[in-house]
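Below you'll find the structure, written out as structure tokens, and then a few comments.
We did not get these values from a lab; they are worked out from the coordinates using the rules stated. Only a predicted model underlies this, so the values are computations on that prediction, with no experimental measurement involved. Cβ sites come from the backbone with ideal geometry, for glycine too, and all protein chains shown count toward neighbours.
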Amino acid sequence: MSVEDPSPPAAARPPGRLLARFVLLALVGVALAVGAVAAFGPVRVARPSAEVALPYTPEPKFAVEIRKPAGPPVFHTGIKDANGKSVTMACAECHKTREPNAANRLGRPMAFFHQALKGQHGNLACVACHNSTEANASLRLADGTSLPYTEVMQLCAQCHGPQYRSYQHGAHGGMAGYWDLSKGGRTRANCVDCHNPHAPKYQPVQPARATNDRGAAKETGHE
Amino acid sequence: MSEPKKFALPVLGEVDRRTALKAGAATLGVTAWAAAIQPWFEWTTELNVDEFLQKHYRELTAEQKLAVFRHLEEDAKKQYGADVHISDPLPLPGVQYAYALNLSICIGCRKCAEACHVENNHDRPTHQSYIRVFEMQKGGIDFAKGDCHYDHPVPAPDKYYMPVQCQHCENAPCVKACPVEATWAEPDGIVVVDYNWCIGCRYCEAACPYHARRFNWQKPEIPADEVNPNQGYLSNRVRPQGVMEKCTFCLHRVREGRMPACLEACPTGARVFGNVLDPDSEIRWVLDNKRVFVLKEELGTKPRFFYFFDK
């Protein structure tokens, strides 16, 4: 390992307290040599052994909450109103009158609208996920079923079975709260909290500051 | 659990420590003995006679424990200016903890190590943590080529990341190495250290194949407003100078049913924790359904910390 290896154990300790302990142990030893050893009963260990206990499987009393998107996304026009608030539009305002264009795909730039949208998710067609028969106010499963935006995880699940299965078993997507649901609840992130549906690759981050081993850090001044 | 281990005193041969203390007391009378050894404590302000005479933690009654905890709380107030609460949640019967980490998911962001630093009242100046994250070359597990001081956006191309902390071995070399039984495995599998009993010999540190144990060379420095006041006697209370410390799976949290701090802090969801004895638990599903492995299996340490890749 590239860890600065700690020095050999023995001599390296702050004096005082520990020295005192060793001296004490020796003292105890002398006292003991004088005293009688045999007179004392067996040692009691207070903690019970778990070996006999049945597996602990409490009834859940608290819920596991998966965060959900608030609802259909809105279109940001980029225009500010008189109060400086940005003006938004519902998707349907344009799409209820527009013919859907099945040729639009995530693998290539949008030609004359939604250009800000940079796609990198295979080469999926927009209409594979957005429900053009409902003016894009909903999502669409592969069999054509309409799906509210709040239930987006079902959309991901149909193409990413293994990850969804892992997620359901707590092995993908993480959680916060209680492992023991009889004591408290749990919250979980949605697929789209970690993955942008249009470019789902998890984004690189700057790591937190490196941690140090105090032992290693102090070593030099010590020996 | 097995018979209490014996340790050897040079003068006496094999005798267990409690018997030694008792015998010492019986010979001189507790008060006389305490008075007789008082001068030794004048060498140092950190240890008082009560603490030395404290019996081995596992033999304390509930009231005796409370007395020790109150004393430690007062001490924290004096030394750190912080109002802390020290508790001692007991292991739950029928629970064996295990931890698993998905190496396909971990991106090496060190959020876990950071959370550990804060949760466990680590020394601020050295930025200490029980978790070390290795940046590893894809294609093998070669710690010699691993780097834990990287400082660039992660994940980097061709690298994967391996956080390493105490593996809570069933067959723990550190526990065997301890000459005074100051470290042991609890019935729920958590390997703990009694900081009041540890003599700081560092044999355990040398024995641990995972470099998971740390030694307190100096008194930890933590500003009063940064001290985490929710403290466990066997876990995150501020450790005195001169003792060993290590990850406890956040014993003070998990025995109350909560997740370890490092798991909650993980933004990628790479960590899985729980009770392996519960057939419906997440950790059990991982152990049953993923190809998990342990570090340095050949040493026979039987870690409770598992790693896996999705494919």
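Per residue of B:266-273, other chain Cβ atoms within 10 Å of the residue Cβ number 6 on average.
Averaged over B:279-292, how many beta carbons belonging to a partner chain fall within 10 Å of each residue's beta carbon? Rounded to a whole number, the mean comes out at 3. The charge dipole of segment A:64-194, taken about the Cα centre with unit charges on the Cβ atoms of Lys, Arg (+1) and Asp, Glu (-1), comes to about 260 debye, rounded to the nearest 20. Under Stokes-Einstein, with the Kirkwood radius over Cα pairs standing in for Rh, what whole-number D in µm²/s applies to segment A:64-194 at 4 °C and 1.567 mPa s? The estimated diffusion coefficient comes to 76 µm²/s.
Between A:H76 and B:I141, with labels modelled 7 Å along Cα→Cβ, what's the label distance in nm to one decimal, could you check? Label-label distance for A:H76 and B:I141, simple model: 4.4 nm. On full extension, the segment bounded by A:K201 and A:E99 gains 33.7 nm, given 0.36 nm per residue less the C-alpha separation. Roughly what % of Cα-Cα distances in segment B:177-311 sit above 21 Å, to the whole percent? Tail of P(r) above 21 Å: 50 percent of Cα pairs. With a Förster radius of 60 Å applied to the C-beta separation of A:K68 and B:K176, the computed FRET efficiency comes to 0.75.
Taking a 28 Å limit on the Cα-Cα distance, which of the listed pairs B:K159/B:K290; B:K145/B:K290; A:K183/B:K219 fall beyond it? The answer is A:K183/B:K219.
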